[in-house]
Amino acid sequence: MRRAILGGTFDPPHIAHLLAGEAAYRQLGVDVVTFIPAGAPWQKADREVSDSVHRWRMTQLTVEGIPYFEADPREVERDGWTYTIETLESFPPEEELWLVLGADAAAGLPTWHRYREVVERARIAVAPRPGTDRRRIVQGDAVWLDMPELPISGTELRHRAREGRSIRFLVHDRVWDYICTHGLYRAETDNMGPRP
Ligand code: ATP
Ligand code: MG
């Protein structure tokens, strides 16, 4: 079994995550791309993260119907902080693992908890992202994924939604529906406008 792991807060999951997953599947020769929403992401201890029930559901909706994508709940089901190494170690040792990271995340990799073990257990695939200098990626054998650089982030999408600007088509249509139905990311006065 060869697996690419795409972890994230997924608050919300958006099209750059889908493109990174697609590129990983096409380029790395893996059987499956596993999207793993974080439980309590230690890198984001300083900000409010949407309830993991919502992030889990939106991740499921994002991958639904794509045979080589799957969503895995192991981090949202675990209590306490989430460390990538623990997630990697929770897969059978005989599995060949790739870890897919946006360029920003890949540049920060050496600061991660048990970093050496992370890069021993998984090979790194990097999704290009605007604003990150390629020379900042120190992992010499990292593979760059072939996808357009998209200047979007969960943070940006949450801000847009809060300001009443549309994020439709920046997230999967099913995720857009979910966000509208549950009123996620809205300002207190709902100014998203009527749904078509
Ligand atoms: P936030 O702004 O909340 O941090 P995010 O868009 O960075 O959201 P995450 O859930 O933190 O999304 O990211 C999961 C993974 O996807 C990370 O490795 C991140 O670097 C990568 N990623 C997110 N957005 C992009 C993008 N536009 N291009 C390439 N990689 C991305
Ligand atoms: Mg991020």
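The values are calculated or read from the model by the stated rules, or taken from the named source; none is laboratory data. Keep in mind that what you see is a predicted model, and the values were worked out from it rather than measured. When we count neighbours, we look across all protein chains shown, and the Cβ atoms used for this are built from the backbone with ideal geometry, even at glycine. Each accessible area value is taken on the protein alone, full model and side chains, heavy atoms only, with ligands, DNA and RNA left out. Shrake-Rupley method; radii C 1.70, N 1.55, O 1.52, S 1.80 Å.
Give the carbon-plus-sulfur fraction of the accessible surface of segment 2-151 in %, rounded to a whole number; probe 1.4 Å, heavy atoms of protein chains only.
Roughly 49 percent of what the probe reaches on segment 2-151 is carbon or sulfur.
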Per the rule of 0.36 nm per residue minus the C-alpha distance, extending ARG26 to ASP51 adds in nm 5.8 nm
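Starting from segment 131-176, pick out the GluC sites (Glu not before Pro) whose DSSP state is loop and whose Cβ has at most 16 other Cβ atoms within 10 Å. Intermediate results must be reported in sequence, preceding the final value.
Values: sites: GLU149, GLU156, GLU163; in loops: GLU149, GLU163.
Taking segment 131-176 and a limit of 16 other Cβ atoms within 10 Å, the loop GluC sites (Glu not before Pro) found are GLU149, GLU163.
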The set of residues whose placed amide H lies less than 5 Å from the amide H of ILE124, leaving out same-chain residues fewer than 5 positions away, is LEU99, VAL143
So which chymotrypsin sites (Phe, Trp or Tyr not before Pro) in segment 128-180 are both in a DSSP loop and have at most 15 other Cβ atoms within 10 Å of their Cβ? PHE169
What do you get for GluC sites (Glu not before Pro) in segment 45-117 restricted to DSSP loop and a cutoff of at most 11 other Cβ within 10 Å of the site's Cβ? GLU48, GLU77, GLU94
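What accessible area per residue, rounded to a whole number of Å², is obtained for segment 2-151 using a probe radius of 1.4 Å?
47
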Simple SL model, points at 7 angstrom along Cα→Cβ for ASP146 and ILE15; separation in nm is 2.0
Among all stretches of the chain without exposed trypsin sites (Lys or Arg not before Pro) (DSSP loop, at most 13 other Cβ atoms within 10 Å), which one is longest? 48-164
How charged is the neighbourhood of VAL143? Take every other residue with its Cβ under 14 Å from the Cβ of VAL143, and add Lys/Arg as +1 and Asp/Glu as -1. +1
Given the Cα-Cα distance of GLU70 and ASP133 and 0.36 nm per residue of separation, how much length would full extension add, in nm? 19.6 nm
Quick one: grab the alpha carbon gyration tensor of segment 2-151, order the square roots of its eigenvalues as a ≥ b ≥ c, and give me rounded if a/c is under 1.5, else prolate or oblate depending on whether a/b is larger than b/c. rounded
Amide hydrogen neighbours beyond the local backbone of PHE35, cut-off 5 Å, H modeled: LEU6, GLU70, ALA71, ASP72
From phi via Karplus (6.51, -1.76, 1.60), per-residue ³J(HN,Hα) for segment 30-37 in Hz, x at Gly/Pro: 8, 7, 8, 10, 9, 8, 10, x
Distance in nm between pseudo-label sites at GLU77 and ARG116 (7 Å out along the Cβ direction from Cα): 3.2
